[in-house]
Amino acid sequence: MSTLPVTGRCFCGNVQFEVTEWPSYACHCHCESCQRASGAPFVTWTTFPTASFRVTGGKLTEHHSSPGVTRGHCSDCGSSITYAHQGRPGEIDITAACFTDAAFVVPQAHIWLEDKLPWVEINDELPKYRRRVT
């Protein structure tokens, strides 16, 4: 099991980060924006207090991808790392796969299933939401 702080990095290792608290939530997001930003059928996000997140190496490049949304990525390798929404101040989502050891991540739901690709099969018992958790 991981211990705090939990560390992570982008694919090339240029951007490195740590979080000093455990996540408050984790989910698999199937929205079209996440699909396009990651090049994957869905992204597993972990939610942390923004104050617990710190870039420890390199520079996180930010992109305002849609109204109220800022996504962070590595400008060298393109790894998607963070997501922040102005409707959730004080929270930041971090892609689970960027953690050095993501064994601590326990997804709690599937969200935005209205955008789920038809060939993705969900065979778990997690709650499923057409859009987001309400």
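Couple of notes before you dig in:
- Count of segment 48-85 residues which are touching a residue at least 60 places away in the same chain (Cβ under 8 Å) and charged (D, E, K, R): 1
- Here residue 84 does not qualify as among the hydrophobic types (A, V, I, L, M, F, W, C) and under 30 Å from residue 123 (Cβ atoms).
- Members of segment 39-64 found to be farther than 21 Å from residue 23 by Cα and touching a Ser or Thr at 6+ places or on another chain (Cβ under 6 Å), listed by number: 61, 62, 64
- If you go through segment 42-73 and keep only what is touching a helix residue (DSSP H, G or I) at 6+ places or on another chain (Cβ under 7 Å), more than 18 Å from residue 7 (Cβ to Cβ) and surrounded by 14 or more Cβ atoms within 10 Å (Cβ to Cβ), you end up with 42, 43, 65, 71.
- When residues of segment 75-97 are limited to those that are hydrophobic (A, V, I, L, M, F, W, C) and touching a Phe, Trp or Tyr at 6+ places or on another chain (Cβ under 8 Å), the one nearest to residue 43 (Cα to Cα): 96
- Selected residue (criterion: farthest from the chain's Cα centre (by Cα)) from residues of segment 1-30 that are crowded, with 16+ Cβ neighbours inside 10 Å and assigned to a loop (DSSP other than H, G, I, E, B): 14
Each reported figure results from applying straightforward, stated rules to the coordinates on display, with no laboratory input. Nothing here was measured: the structure is a model prediction, and the numbers come from that model. Note that we place each Cβ from the backbone using ideal geometry, even for glycine, and neighbour counts take in every protein chain shown.
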